[in-house]
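Before any comments, here is the structure.
The values are calculated or read from the model by the stated rules, or taken from the named source; none is laboratory data. What you see is a predicted model, and the numbers here were worked out from it, not measured in a lab. Every residue, glycine as well, gets a Cβ built from its backbone with ideal geometry; the counts of neighbours run over all protein chains shown.
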């Protein structure tokens, strides 16, 4: 009995210390929108419908697992107190209990069904891309991203991490890039993802998206940003020595600002016409030099 009381005292003391530690940390549960926050405990604030569902499902699982852990803890304490050798010197020889066996079979099945139904619904919501207003192709390279906008014209640009020595005020370290992916607010954006060399992964936590960028394969995901701002992510696949320096930055702007950005970017990153192969040039020259037949 003394051992049980000692364990309970240690558990209570640990809970008290954790509680005071949480009070000492400023806003421990406050998660920022679009990027990590200091002392953050929870997920980043949702910036898209998919992420809202993911956060809701996460909270549901947290309540379920907390209830399970609490129940198991209570059962362990009861068993330790009531059925130790001192309190119960003559142990029961019961080997079966129909009610208990039915409960520990049926209750877990019910819990799994409660988890599975919203899980499948959210999975379908994530993977079923709605009618897109905009398509962006993201290509993972060692170790940066390239973005192309096939709906807006023939232009593509690279997005590289800003070094620590060149960071401007307000730019987060290891997340800021020189050329951000820009999209309009409130529009469904289809992101086609592929890799140019090895497997990468395109992930933006506030949008609830994460999908592999595989060479030779075109994967697809989507998001619909509900608020303007800059949303950061990173490559989430071990892709080489500079894997940790391959950030993603998505700037969400108004439709007017996006249209203006497209026009400026077309001029800045317009694709040069493909060079004519040498064989074609020689053939054209020879053909020009041959006199026409009478």
Report task. May I ask you to verify whether residue 50 is touching a strand residue (DSSP E or B) at 6+ places or on another chain (Cβ under 7 Å), modelled with pLDDT of 90 or more and either part of a helix (DSSP H, G or I) or assigned by TED's automatic domain parsing to the domain that holds residue 223 (or both)? Result -> yes
Query raised in the report: Which pairs do you get when a residue that is touching a residue at least 24 places away in the same chain (Cβ under 8 Å) and on the phi < 0 side of the Ramachandran plot, found in segment 85-98, comes within reach of a residue that is part of a loop (DSSP other than H, G, I, E, B) and surrounded by 10 or more Cβ atoms within 10 Å (Cβ to Cβ), reach meaning Cβ atoms under 8 angstrom, with the pair 6+ apart or on two chains?
Result: 86/1; 87/1
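Okay, residues lined up against (1) outside any loop (DSSP other than H, G, I, E, B); (2) touching a residue at least 40 places away in the same chain (Cβ under 8 Å); (3) touching a helix residue (DSSP H, G or I) at 6+ places or on another chain (Cβ under 9 Å); (4) not assigned by TED's automatic domain parsing to the domain that holds residue 241:
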position: 117; (1), (2), (3), (4): yes, no, no, yes
position: 123; (1), (2), (3), (4): yes, no, no, yes
position: 152; (1), (2), (3), (4): no, yes, yes, no
position: 172; (1), (2), (3), (4): no, yes, no, no
position: 182; (1), (2), (3), (4): yes, yes, yes, no
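Conditions (1) surrounded by 15 or more Cβ atoms within 10 Å (Cβ to Cβ); (2) within 21 Å of residue 133 (Cα to Cα), marked per residue:
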{"position": "164", "(1), (2)": "no, no"}
{"position": "169", "(1), (2)": "no, no"}
{"position": "178", "(1), (2)": "no, no"}
{"position": "183", "(1), (2)": "yes, yes"}
{"position": "193", "(1), (2)": "yes, yes"}
{"position": "199", "(1), (2)": "yes, no"}
{"position": "202", "(1), (2)": "yes, yes"}
{"position": "206", "(1), (2)": "yes, yes"}
Requested in this report: Considering each residue of segment 223-247, count those that are over 12 Å from the mean Cα position of the chain (by Cα) and either surrounded by 22 or more Cβ atoms within 10 Å (Cβ to Cβ) or not in a loop (DSSP other than H, G, I, E, B) (or both), and give that number.
Outcome: 8
Report task. Kindly establish whether residue 165 is outside any loop (DSSP other than H, G, I, E, B), farther than 30 Å from residue 65 by Cβ and more than 18 Å from the chain's Cα centre (by Cα). Result -> yes
